[in-house]
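K.L.:
Let me give you the structure first, and then I'll get to my questions.
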Protein chains: 2
Amino acid sequence: MFGRTYFCGEVTEAAIGEKVVLKGWVQRRRDLGGLIFIDLRDRTGIIQIVFSPEANKEALAIAEKVRNEYVLDIQGKVVARQEGTVNDNLKTGKVEIIVDEITILNESKTPPFTIEDKTEVAEDVRLKYRYLDLRRPVMFETFKMRHQVTKVMRDFLDAEGFLDIETPILTKSTPEGARDYLVPSRVHEGEFYALPQSPQIFKQLLMVSGVERYYQIARCFRDEDLRADRQPEFTQLDIETSFMSQEDIMGMMEQMMEKIMKEVKGIEISLPIARMPYDEAMSRYGSDKPDTRFDMELVNLSEIVKDSGFKVFAQAVETGGQVKAINVKQGSDKYSRKDIDALTEFVKVYGAKGLAWLKAEEDGLKGPIAKFISEEEQKGLESALAIESGDLLLFVADKTNVVADALGALRLKLAKELGLIDETKFNFLWVTDWPLFEFDEGEGRFYAAHHPFTMPQRADLELLDTNPKQVKAQAYDIVLNGYELGGGSLRIFEKDVQEKMFEKLGFTKEEAYEQFGFLLDAFEYGTPPHGGIALGLDRLIMLLSGRTNLRDTIAFPKTASASCLLTNAPSEVSETQLNDLHLALNVSK
Amino acid sequence: MFGRTYFCGEVTEAAIGEKVVLKGWVQRRRDLGGLIFIDLRDRTGIIQIVFSPEANKEALAIAEKVRNEYVLDIQGKVVARQEGTVNDNLKTGKVEIIVDEITILNESKTPPFTIEDKTEVAEDVRLKYRYLDLRRPVMFETFKMRHQVTKVMRDFLDAEGFLDIETPILTKSTPEGARDYLVPSRVHEGEFYALPQSPQIFKQLLMVSGVERYYQIARCFRDEDLRADRQPEFTQLDIETSFMSQEDIMGMMEQMMEKIMKEVKGIEISLPIARMPYDEAMSRYGSDKPDTRFDMELVNLSEIVKDSGFKVFAQAVETGGQVKAINVKQGSDKYSRKDIDALTEFVKVYGAKGLAWLKAEEDGLKGPIAKFISEEEQKGLESALAIESGDLLLFVADKTNVVADALGALRLKLAKELGLIDETKFNFLWVTDWPLFEFDEGEGRFYAAHHPFTMPQRADLELLDTNPKQVKAQAYDIVLNGYELGGGSLRIFEKDVQEKMFEKLGFTKEEAYEQFGFLLDAFEYGTPPHGGIALGLDRLIMLLSGRTNLRDTIAFPKTASASCLLTNAPSEVSETQLNDLHLALNVSK
């Protein structure tokens, strides 16, 4: 215990009568009838300590000087609290310490906000005083959980024969993918390192090296414009294996997740985790990371309404699009015409031209488009959407991807508004059979849907030349409660397939070798079949700890403009530093 | 086992009769009397597999196409090797596999060097083909050991209540210390992040946060000109604790080292680890990280020779310097006059003006300076140096620090040459009571000997103003076999002491606040007493694995010019990338 006999939060009735030494921070001080009561806090919790003239007058005098967040070292005796003063909300609430010695180890100014879980303060103040923010028990518990989760991961992977191997942070810039953070070289004038967007190539090279099972809890970097759930540096559990099948890898990850859920959350999840092909996820949920904690699935009505008198429906189908709807069960009364107008604006953000709606009443479907719906169509809808009186039906008729995006987003929005989501559930899901490519209409070129090293499904290899859009990948994402936790794939391990892949992505052979020559070279020396996965650790912790943003899972995070409000990074540097790096500023001011 | 039934190196007699599936690389192929023998290798070892026309003609035909480093998937039956063909050097040497199915998973060109522990190839070739270099068993074993060591560390620290907390890689440049690697910001024009030289300030802020016990296996960065044992990025076990004394921290680290030595090396070390004040280490070994696996200590002869007829000795003492010697036991015959001339050149590198010597013969001390040595001095030397006939005595007379540096280095050189070092020994040592400051004669200013956050010894606080050179720090280095494994200290946790420290280091108050204001601010909000340590992981692994350079402990290391020969990092980047970062090159060509 190193100088203390207990942590504050762990003194219970079992210790009554003991002489104890405690160290911690003053949560609050109360003066009452000549006595001073202090709630003393350390990372384990709070205990009440009491100063009285009978116990020690000098200690009482010192206690008078004490303010919130002072650091104390105290000695005293554990006694039972008097009846009526017991606090059942605290583990230590049945006892208190009668103090006979106190040392003030350090003082504190009044903090800019109170050190409590529920603190009413703007996030930028919390970030500037991060060292105080992290004193709040809810923050400490989040980082404790983060530690526990990585411990379970490491223990599991160690037992499975994985080696934790570090890969470089100073590495080579590869323009494919997101924007790199660059690091100018001092020794090599005009040259730069890049911070890794992921250890992807290094972990594949480790498979070429015969390591067979690699993992790393790896820092990754992307210089992108930040959204609420992005950080310039983030952490992933990075895994690569040789000679394992997609099923082998998914099965192993399931066992790891089962162990994490059990040991950290005390929750048993049932294996195997459900699997859903990408096409099905898009079709049923309008999302490649469906939240399956609630239903309200997208229903394809194209067949039913393809000849509809409502021309918007008929035309959508005729031009190769779709008509789909969700049934908001008993939502009819909850959404006024004005509310639905707002929902229409919402789906327009996703490219939809509009939102059609019907309300189911005892005597049939009502709403502006009801008059266009034939009796036969109505029967079709009633059956397809399992309509009951009181339901609200929301339709989007558009191109397939617009329908999916718009209704997928609407589904989530409505579920949150209506409280349809059971927040105690942890619904894991594998999304499989991803397309290998995404086609960028604007640029008229293909991009790798995962990354350029993903193995096409063997049966689709011949489609690479004839119909790339149809090629599926040996790729799998793991989804939790509608968030992508991570993604993996089997990798290309044959040089000719990898060259073909670069070609399809628009690389000339020279460009491919310029950037990835060392990998293509490596593929000539006995590269084993391999594959892996990467799990976003920050997001996993966010979901497991019930936090609502990634910043709360990172000890010293950055803001949306990639600043650290605590240290004021980034900052200006000296002329000497720039000269050493052979750089000049080229700023617009 | 995921598709295999055994790893190659683990098939023993217990498996005789079993049908097995193995995967691995071809170590070598031999054709012998119509049969083909292949040594199949995976990360666990090698097994002999045999192809015969009786077993399977098709498999035999495929085996004929196989070359070194091809990747195979084979099925076969385990049989006992015939008498006379048993290989006792292999764990699998009593058995072989009669193959009845083979799949070539991938082919290989002839590698540029053989995949064996003892490979005769220049290091730059190994680094260019690092993925092949890492296939050599000795390299795999090094990374396996690295994994094991970090596992033991993590398990130990977890059990002691430490939390693994990640600190930022993109942080703020602080000119004090080594040169920072900088990362230009795209969002904040003209501003830069810096890669951390260590997480020092963040771990102290975590103590302000009440975390109490933090650790991280942390990547650190220094843009320095590289020596043989430096890398631009390196890894340290970084630890910080609150409320613990120097003894508490040292004791805990000893227990961790004991566990590592036992679990990884099977060696019991006896605790406590020896402690030696800095002054004593410098005096007895001429080093702040003495190799205590052998004696040959430096002996101070200043008192004995202060009035010597050999004026070099007398003058050195008179001008405030020292005369010290080492006794090379029975070294008299081993070093000729010419050899000693070479040693003289060696010590000159350390600033010594010369090297005096004497050889002890049956009838007294011989050598060029013998005639200046009085009988009384001779007796003094004989007693102080425990001289026996055959010994070689080597003297340096100079300023104290020059004597230490020159004789300290000479001691190490001679011990290596004479084979005095027991390479099986692991001698740990704590060096304590470091000076707080180093004085730079050239710049006429003080530098922090450890770093500016090191706590002075309480008794020396008043010397800060009057005699800074005399101030000792509450600092401790752990040394293994003459290498600094790591260093730690208690930290300043009071704002006024920290301000005073910055003042002594030549910071104006403005400069101190400009750079470290957030830490000084934090010290105002209830900062607990704290301290920690950092251990160099790369070096520890180098010493435990018996490797001779740090590069062999890092999967993808950089050369002395900070290049990666595998990926060719650093490299040029595009004009677009530079423009995005508001930079222009300022190169000398």
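K.L.:
In the stretch B:571-583, what residues are surrounded by 14 or more Cβ atoms within 10 Å (Cβ to Cβ) and either part of a strand (DSSP E or B) or hydroxyl-bearing (Ser, Thr, Tyr) (or both)?
P.N.:
Listed by number, the residues that qualify are B:Ser571, B:Leu583.
K.L.:
Among the strands (runs of 3 or more DSSP E) lying completely within the stretch A:204-292, list those that include at least 3 residues that are buried (at least 19 other Cβ atoms within 10 Å of the Cβ).
P.N.:
The qualifying strands (runs of 3 or more DSSP E) are A:213-221, A:233-242.
K.L.:
While we're on this one: Pick from B:Glu258, B:Glu268, B:Glu263: which is farther than 22 Å from B:Thr454 by Cβ, more than 10 Å from every other protein chain (Cβ to nearest Cβ) and without any contact (Cβ under 8 Å) to a residue 12 or more places away in the chain?
P.N.:
Checking each option against the conditions leaves just B:Glu268.
K.L.:
List the number of the failed condition for A:Val99; all other conditions in (1) buried (at least 23 other Cβ atoms within 10 Å of the Cβ); (2) more than 30 Å from A:Asp440 (Cα to Cα); (3) within 27 Å of the chain's Cα centre (by Cα) hold.
P.N.:
(3)
K.L.:
Further, regarding this structure: Just checking, how many residues over the stretch B:547-589 are touching a residue at least 40 places away in the same chain (Cβ under 8 Å), within 30 Å of B:Thr424 (Cα to Cα) and hydroxyl-bearing (Ser, Thr, Tyr)?
P.N.:
2
K.L.:
Here's a follow-up. Restricting to helices (runs of 4 or more DSSP H) lying wholly in the stretch B:105-184: which have 1 or more residues that are among the acidic types (Asp, Glu), within 30 Å of A:Thr576 (Cα to Cα) and more than 7 Å from chain A (Cβ to nearest Cβ)? Step through it out loud before you land on a result.
P.N.:
Values: elements: B:123-128, B:130-133, B:137-159.
Helices (runs of 4 or more DSSP H) meeting the threshold: none at all.
K.L.:
Which one is surrounded by the fewest Cβ atoms within 10 Å (Cβ to Cβ), of the residues in the stretch A:412-431 that are out of contact with any helix residue (DSSP H, G or I) (no Cβ under 7 Å at 6 or more places or on another chain) and not in a loop (DSSP other than H, G, I, E, B)?
P.N.:
Per the stated criteria, the residue is A:Lys416.
Residue by residue, here is whether (1) within 12 Å of another protein chain (Cβ to nearest Cβ); (2) surrounded by fewer than 18 Cβ atoms within 10 Å (Cβ to Cβ); (3) outside any helix (DSSP H, G or I) holds:
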| residue | (1), (2), (3) |
| --- | --- |
| A:Phe502 | no, no, no |
| A:Tyr513 | yes, yes, no |
| A:Phe518 | yes, no, no |
| A:Asp521 | yes, yes, no |
| A:Pro528 | yes, no, yes |
| A:Asp538 | yes, no, no |
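Results for (1) surrounded by fewer than 22 Cβ atoms within 10 Å (Cβ to Cβ); (2) closer than 28 Å to B:Phe2 by Cβ, shown as yes or no for each residue.
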residue	(1), (2)
A:Asp496	yes, yes
A:Thr508	yes, no
A:Ser545	yes, no
A:Leu550	yes, no
A:Lys558	no, no
A:Ser561	yes, no
A:Ala569	no, no
A:Val587	yes, no
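K.L.:
Still on this structure: Where in the stretch A:298-403 are there helices (runs of 4 or more DSSP H), lying fully within it, with 1 or more residues that are touching a residue at least 12 places away in the same chain (Cβ under 8 Å) and farther than 28 Å from A:Ile421 by Cα?
P.N.:
So the answer is A:302-305, A:311-318, A:375-385.
K.L.:
Given the conditions (1) in contact (Cβ under 8 Å) with a residue 24 or more places away in the chain; (2) more than 27 Å from A:Lys495 (Cα to Cα); (3) touching a strand residue (DSSP E or B) at 6+ places or on another chain (Cβ under 9 Å), and given that B:Leu60 satisfies all but one, which numbered condition is not satisfied?
P.N.:
Every condition holds for B:Leu60 apart from (2).
K.L.:
Moving on to the next point. Out of the residues in the stretch B:432-444 that are over 30 Å from B:Val328 (Cα atoms) and not acidic (Asp, Glu), state the one that is surrounded by the fewest Cβ atoms within 10 Å (Cβ to Cβ).
P.N.:
B:Gly442
K.L.:
Inspect the stretch B:237-244 for any residue being under 20 Å from B:Asn481 (Cβ atoms) and away from chain A (no Cβ under 12 Å) and give the result as yes or no.
P.N.:
Within the stretch B:237-244 (the criterion being under 20 Å from B:Asn481 (Cβ atoms) and away from chain A (no Cβ under 12 Å)), the answer is yes, since at least one residue qualifies.
K.L.:
Could you look through the stretch A:185-203, keep only residues that are touching a Leu at 6+ places or on another chain (Cβ under 7 Å) and more than 7 Å from chain B (Cβ to nearest Cβ), and pick out the one that is surrounded by the most Cβ atoms within 10 Å (Cβ to Cβ)?
P.N.:
Filtering first and then ranking leaves A:Ala194.
K.L.:
Moving to a separate point now. Is one or more of the residues making up the stretch B:553-568 part of a strand (DSSP E or B), within 7 Å of another protein chain (Cβ to nearest Cβ) and aliphatic (A, V, I, L, M)?
P.N.:
Looking for residues that are part of a strand (DSSP E or B), within 7 Å of another protein chain (Cβ to nearest Cβ) and aliphatic (A, V, I, L, M), one finds none in the stretch B:553-568, hence no.
Here is a yes/no grid of residues against (1) farther than 13 Å from A:Leu206 by Cα; (2) of a type in the set (S, T, N, Q); (3) touching a residue at least 40 places away in the same chain (Cβ under 8 Å); (4) assigned by the TED database to the domain that holds A:Lys172:
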{"site": "A:Gln498", "(1), (2), (3), (4)": "yes, yes, yes, no"}
{"site": "A:Glu503", "(1), (2), (3), (4)": "yes, no, no, no"}
{"site": "A:Thr508", "(1), (2), (3), (4)": "yes, yes, no, no"}
{"site": "A:Tyr513", "(1), (2), (3), (4)": "yes, no, no, no"}
{"site": "A:Phe516", "(1), (2), (3), (4)": "yes, no, yes, no"}
{"site": "A:Leu519", "(1), (2), (3), (4)": "no, no, yes, no"}
{"site": "A:Phe523", "(1), (2), (3), (4)": "no, no, yes, no"}
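The values are calculated or read from the model by the stated rules, or taken from the named source; none is laboratory data. Because the structure is a prediction, the values reported are computed rather than measured. Using ideal geometry, Cβ is built from the backbone for each residue, glycine included, and neighbour counts are taken over all protein chains shown.
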